[in-house]
Ligand SMILES: [Zn+2]
């Protein structure tokens with residue numbers, strides 16, 4: 001095994017650590033920007049390095065369909081294909097079973113109302129027939145051409161090996177925050193059976209496989225899943241699926257789950273990345289995150305500042321020559337005004353999306369680096385109080 005994880009400092013449940021992968025060290029807590037289609041939209045690998053990204057998360061479902069994992073393998077693997085030398089995590093495709101099935105029908109994200117009307121899922125060819133979950137895996141219609149496709153635990157692991165990601169995820173079934181107890185329990189038990197099949201299919205010692213804890217927002221299911229998945233010989237553990245209907249539900253899920261997981265394994269929280277959530281999750285023992293929020297919000301003109309998010313399209317910024325955030329040292333804030341950013345967004349110029357993405361990711365990655373430093377020097381509680389006293393959640 002060329003992968004290793006060490007906990008360095010610990011205060012309460014908050015901890016710092018190092019994940020050593022074949023493509024470098026990830027200092028934790030760490031945030032992985034999402035590069036769904038083997039690109040973090042609008043950014044080059046040099047941009048990502050300049051703003052402090054240690055790793056990215058790419059999406060198995062999308063790369064499996066296009067351009068195809070075998071093609072990427074023939075061309076030297078995902079790192080070479082996208083010219084990203086750092087750590088790559090891939091998801092399992094399981095979330096798409098959720099996005100194409102229940103989430104689309106329910107119109108919700110990981111937390112109910114997280115992305116109202118903005119579930120990132122295709123709407124063709126027919127909403128209800130898009131995905132069918134069986135004990136073997138998930139059958140779905142490609143959103144690209146409607147062709148029938150199948151993902152199973154074995155296929156998901158094979159695809160992730162072909163992509164040659166460093167950190168890979170077990171194939172799981174995500175339930176919606178609106179799924180009832182019986183369905184959530186059945187999906188969790190299916191996820192546990194799939195976990196064993198993923199471990200059997202996992203042959204590469206250059207890849208760290210994460211098991212996924214499911215169970216929705218039900219305490220007994222989460223605790224059961226944490227015990228079952230936590231006892232299996234995975235490299236790391238991820239908290240997946242529905243995190244309930246509110247932030248408080250999400251905190252409960254983490255409080256039930258994390259104390260039951262082994263201390264010596266890295267813990268990933270899937271799909272969470274807002275500033276207040278980063279503090280709440282690190283405080284409860286999470287090591288790594290991925291989330292589309294900073295990049296997606298950037299492309300919608302919603303930009304982080306120390307006082308909360310602003311919508312840069314607003315007319316109030318028309319003559320505002322200040323940077324997005326006075327204290328931000330990113331490329332965008334060093335060179336451009338709110339007035340110019342607003343103009344680019346109103347004119348739908350591509351540079352606007354790029355500059356906004358640089359800023360939002362820099363903001364989140366810098367915040368996570370400060371959190372990491374604060375755990376190391378024992379000032380996490382002070383940093384949390386200082387940042388959240390100003391930051392108004394949108
Ligand atoms: Zn900035």
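None of the figures in this text is laboratory data; all of them are computed from the coordinates on show. Please read all numbers here as calculations on a predicted model, not as lab measurements. Every residue, glycine among them, receives a Cβ derived from its backbone with ideal geometry; neighbour counts consider all protein chains shown.
One table, with the values for the structure above:
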| item | result |
| --- | --- |
| Most fluctuating residue given options 276, 348, 20, as computed from a GNM of the chain linking Cα atoms under 10 Å | 348 |
| Using alpha-carbon coordinates, inclination of helix 181-201 to the longest axis of the chain, degrees | 80 |
| Fraction of antiparallel bridges per DSSP, the chain only, in percent to nearest 5 | 45 |
| Ranked list, fewest to most other Cβ atoms within 10 Å of each Cβ, for 248, 242 | 248, 242 |
| Contact order normalised by residue count of the chain, Cα under 8 Å, 6+ apart, percent | 17 |
| Degrees, to the nearest 10: 247-257 long Cα axis against longest axis of the chain | 40 |
| Distance-filtered residues of region 259-291 - backbone nitrogen under 19 Å, label point 7 angstrom along residue 327 Cα→Cβ | 274-280 |
| Candidates 316, 26, 228, ranked by Gaussian network fluctuation over the chain, Cα under 10 Å, top entry | 316 |
| Cβ-Cβ FRET estimate between residue 139 and residue 219, R0 fixed at 30 Å, reported to 0.05 | 0.40 |
| Simple spin-label estimate for residue 349 and residue 199 in nanometres, 7 Å along Cα-Cβ | 5.6 |
| Spin-label model distance (nm) - residue 20 vs residue 392, 7 Å beyond Cα toward Cβ | 4.8 |
| Estimated inter-spin distance, residue 37 and residue 74, nm [label 7 Å along Cα→Cβ] | 2.1 |
| Shape call, region 225-341: gyration tensor on alpha carbons, a/c limit 1.5 | prolate |
| Cubic angstrom per residue, convex hull over Cα atoms of region 303-392 | 80 |
| Max mean-square fluctuation residue, GNM over the chain, Cα-Cα springs under 10 Å, options 208, 308, 137 | 308 |
| Extension gain (nm, one decimal) between residue 370 and residue 154, 0.36 nm per residue minus Cα-Cα | 73.9 nm |
| Kirkwood-type radius of region 181-259, with distances r between different C-alpha atoms, in Å | 12.8 |
| Degrees, to the nearest 10: 380-390 long Cα axis against longest axis of the chain | 60 |
| Translational D in µm²/s for region 4-291 (Stokes-Einstein at 37 °C, 0.692 mPa s, Kirkwood Rh from C-alpha pairs) | 175 |
